[in-house]
1. In the range 412-433, how many are among the aromatic types (F, W, Y), surrounded by 12 or more Cβ atoms within 10 Å (Cβ to Cβ) and more than 26 Å from the chain's Cα centre (by Cα)?
2. Looking only at residues in the range 515-533 that are among the β-branched types (V, I, T) and more than 30 Å from the chain's Cα centre (by Cα), which one is nearest to I14 (Cα to Cα)?
3. Those residues that are charged (D, E, K, R) and part of a loop (DSSP other than H, G, I, E, B), I need them from the range 33-78; list them, please.
4. Would you say G592 is over 24 Å from V16 (Cα atoms) and either in a helix (DSSP H, G or I) or aliphatic (A, V, I, L, M) (or both)?
5. Give the residues of the range 488-511 that are buried (at least 22 other Cβ atoms within 10 Å of the Cβ) and in a helix (DSSP H, G or I), sorted by residue number.
6. Kindly list the number of the only condition in (1) assigned to a helix (DSSP H, G or I); (2) open to solvent by 50 Å² or more (accessible area, probe 1.4 Å); (3) without any contact (Cβ under 8 Å) to a residue 24 or more places away in the chain that fails for I469.
7. Within the range 283-310, which residues are of a type in the set (S, T, Y), in a helix (DSSP H, G or I) and surrounded by 14 or more Cβ atoms within 10 Å (Cβ to Cβ)?
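The values are calculated or read from the model by the stated rules, or taken from the named source; none is laboratory data. Keep in mind that what you see is a predicted model, and the values were worked out from it rather than measured. All Cβ positions, glycine included, derive from the backbone under ideal geometry; neighbour counts span all protein chains shown. Just so you know, the surface numbers come from the protein's heavy atoms only, side chains and all, with ligands and any DNA or RNA stripped out. Shrake-Rupley method; radii C 1.70, N 1.55, O 1.52, S 1.80 Å.
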Amino acid sequence: MSDPALGLTMLALIVVVIMMGFPTAFTLMGLGMAFGFTAFYDPSQPWLDNKIFNLMVQRTFGAMTNDTLLSIPLFVLMGYVMERGALVDKMFHSVQLAFRRLPGSLAVATLVICTFWGIASGLVGAVVVLMGVIAMRPMLNAGYDTRLAAGVITAGGTLGILIPPSVMIIVYAAVAGQSVVKLYAAAMFPGFFLAFLYLVYVIGWVLIDPKVAPKLPEEKLRAPVSPWLQALSQQYSPRILPALFTAVLRPQRALQIQVAELRVSWWLLVKSLAMSLVPLISVLVTLAAVWWYVVIHSQAENNAADAAQATISQPAEAGSNTTLKEATPQGGGVAEPPGASDGVKEPPGASNGVQEPPGSESVKAPPGANDVQLPPGAESDTKKAEADSDAPMQALGDGDTSNAPKTEPVPENFYTGFYISCVLLAGLLFWYYKGFDGEQFEILDMLVKSVMPLGILTVVVLGVILLGITTATESAAVGAAGAFVMAWLSGSLDFQRTKEAVFLTAKTTSMVCWLFVGSALFSAVFAILGGQRLVEEWVMALNLSPIQFLLLSQAIIFILGWPLEWTEIIVIFVPIFLPLLSHFQIDPILWGVLVFVNLQAAFLSPPVAMSAFYLKGVSPPHVTINQIFAGMMPYMLIVILCMVLMYIWPGLTLWLPNFLYGG
């Protein structure tokens, strides 16, 4: 059997052996070692001298020294600490009350919590199991259709591997040699856009068929209002915001309120007023941050270059004008500069002093010396050398730098979009505060206490990465430390749960790293046997256009997602397509994000739809696996729709990395 045939046999065997249930990492290493030993076999040498053993050591050492993989254990630890800290219960209740007027409020709240909890943890299994425990029974008890309840949990739980920070993105970056930061920026909008499509589908289904999600009883839609807040609204105004403003400025009546052993103080009023202003403050801070980054920070280089150019050009123009005026003669021809006649003169006797030796006037230049010309092209080479010698000075700002590369200017449509956003947000705030009563205050208080810590931690972790303040590894360390602080402040983290989180982190990290070692060894042997070249020649022989190759590669990955998980696809099959991207002029960032979205189907497609089995393990006995599969199927179509929109509108993926880092 030829070497390329051995490579294809190895590729087919890996799928069969994985489907038989063998561990993926050790299967990759075992097949790589066996087929590599055959490829390097030399009968004249002892079998211990086979080069496959050296290759195994090199690939293992390469995985150990790969800086990209350093952030994996820290992000995984962050997720497990937050999952073991049981911080979701209060969050689900408060979000459900906030969306209580929407159709299918329990399903909407489940999808929102899955999205943001998936961002914080990045663990599909943990999110699906946790939301299955918290949200599955309440939805079924409220009369929700089993397909709706199962689908929203399984689909929402998979978003954690798409929206940064994601372990899958880190593994792809290590395999493809791409920037983790750029991939994070590229996956940001598609991830939230896919979550938005899920949300539209859920609300649309409920509007079309209200029976799948009956309205909750009124008593479950009410939030209890504190007695002191009720007394305050009676004393001042039913609308809490003006009531708190008035009470802070004129607190005489408010300070007399005392209910259930609680006496209202001025400090309590100030804290409550600050709590009421959290939505307004959040909007103002967000708008100010966007304006500062886009208009001021990102344009700092351009503004500095323009100022330096203006500073250089103004004195130069003034000096050139003065010189021209002084050097312009009154008459025609060339005139001597002022004072030249009184300047340096011949010393006395100089005319009779040193003279040419006799006969020197007979020495003449050879004929044609004044007609010596440079060889063809020498003049242009000389000018080029002069230009090259001037280049460092121009780079230092001592020349014309008007053509130097600059940051992209602020798009004109940014200002239009920014002002429209300001108007819309102002209208939303006005509508919100118009009906801001005691119940709304209590819901806001629950949201701020349960959701805001997680939101702040997520924004900090992603913000410091995307803005280039820290590396992905440093940001992961910040996230892990923040998760410990949040769990400790909630009082839900003890030594036993901490030990479990650390143990699970070590287990998951070991799996990922050994998987990376096995993948590196397998890919190297596959290339040595000529399997990679055979695949490339086959694809080239098809004479595909870039769009046809894109459709073919994504279709293969979509089909592979049915029997395999994302880890096997990323480390085994993605490296086969990567060398072909440059030939078809396809951006590896765009192609990678399409793969990330495509791999959402790997968790939603039977028979190896792990999300379904995770949910089945914590669901009531009457929920069957077929019902869960039926609820998941529409979300696979939504994934395909999202990929189509990403191809039609590449800016959805590439705009943010290009704006932040150029491109």
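1. Step one: of the range 412-433, the residues among the aromatic types (F, W, Y) are 414-415, 418-419, 430-433.
Now restrict to residues that are surrounded by 12 or more Cβ atoms within 10 Å (Cβ to Cβ): 414-415, 418, 432-433.
Adding the requirement that they be more than 26 Å from the chain's Cα centre (by Cα) leaves 432-433.
So the count comes out to 2.
2. Of the residues in the range 515-533, the ones among the β-branched types (V, I, T) are 517, 525, 528.
Filter once more, so that each one left must be more than 30 Å from the chain's Cα centre (by Cα): 525, 528.
Details: V525: 13, I528: 17 Å.
Per the stated criteria, the residue is V525.
3. D42
4. Values: over 24 Å from V16 (Cα atoms): yes; either in a helix (DSSP H, G or I) or aliphatic (A, V, I, L, M) (or both): yes.
Yes: the conditions hold for G592.
5. Within the range 488-511, just A501 meets the criteria.
6. Result: I469 fails condition (1) only.
7. Within the range 283-310, Y293 is the sole residue that qualifies.
Each row is one residue, and each column tells you yes or no for (1) open to solvent by 10 Å² or more (accessible area, probe 1.4 Å); (2) over 24 Å from the mean Cα position of the chain (by Cα); (3) aromatic (F, W, Y).
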{"position": "T68", "(1), (2), (3)": "yes, no, no"}
{"position": "S71", "(1), (2), (3)": "no, no, no"}
{"position": "L77", "(1), (2), (3)": "yes, no, no"}
{"position": "V81", "(1), (2), (3)": "no, no, no"}
{"position": "S94", "(1), (2), (3)": "no, yes, no"}
{"position": "S105", "(1), (2), (3)": "no, yes, no"}
{"position": "C114", "(1), (2), (3)": "no, no, no"}
